[in-house]
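The values are calculated or read from the model by the stated rules, or taken from the named source; none is laboratory data. Predicted model, so just to flag it, every value in this text is computed and none were measured. Cβ atoms come from the backbone with ideal geometry, glycine included; neighbour counts cover every protein chain shown.
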């Protein structure tokens, strides 16, 4: 007789077998007629230019992570809205504290410029012998910004 964990393991194994059988069957039955334009990278109707393995700007990842963080935080508002009537003022004050922390994080991200798409390049100070650390003077392009 199977225990509860044995039933779960059996369920996982049967699911894995079904997935494996489906993949093997599709691999055996599929037609294989590759040609250059079929193997080319598809970029939403645009003609592919250059190599597909390019370096993306880190801003894509930073903004995506910030979105995920704040999106997950907002998901916590839905369960609160369901039990708000039963908990009363305690739930209201607790949610105000939660929103204050969330807004503080949002203000921190905004103040650091992480939400700006075009961030100016950092000006790195350099060390000059006899003078110490000096920052380079601003160029005309940096002044016009």
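Annotation for the stretch 122-141: no member residue is under 21 Å from the mean Cα position of the chain (by Cα) and at pLDDT below 85.
Applying the selection to the stretch 20-52, what residues are surrounded by 10 or more Cβ atoms within 10 Å (Cβ to Cβ) and either part of a loop (DSSP other than H, G, I, E, B) or modelled with pLDDT of 80 or more (or both)? Can you show your working first?
Filtering the stretch 20-52 for residues surrounded by 10 or more Cβ atoms within 10 Å (Cβ to Cβ) gives 20-25, 40-41, 43, 48.
Answer for the stretch 20-52, where residues must be surrounded by 10 or more Cβ atoms within 10 Å (Cβ to Cβ) and either part of a loop (DSSP other than H, G, I, E, B) or modelled with pLDDT of 80 or more (or both): 20, 21, 22, 23, 24, 25, 40, 41, 48.
Of the set (1) modelled with pLDDT under 80; (2) surrounded by 10 or more Cβ atoms within 10 Å (Cβ to Cβ); (3) within 25 Å of residue 112 (Cβ to Cβ), all apply to residue 55 but (2). Kindly indicate whether residue 96 is part of a helix (DSSP H, G or I), modelled with pLDDT of 85 or more and farther than 30 Å from residue 36 by Cβ. It is true that residue 96 is part of a helix (DSSP H, G or I), modelled with pLDDT of 85 or more and farther than 30 Å from residue 36 by Cβ. Screening residue 67 against (1) at pLDDT 85 or above; (2) more than 30 Å from residue 105 (Cβ to Cβ) leaves a single unmet condition, (2).
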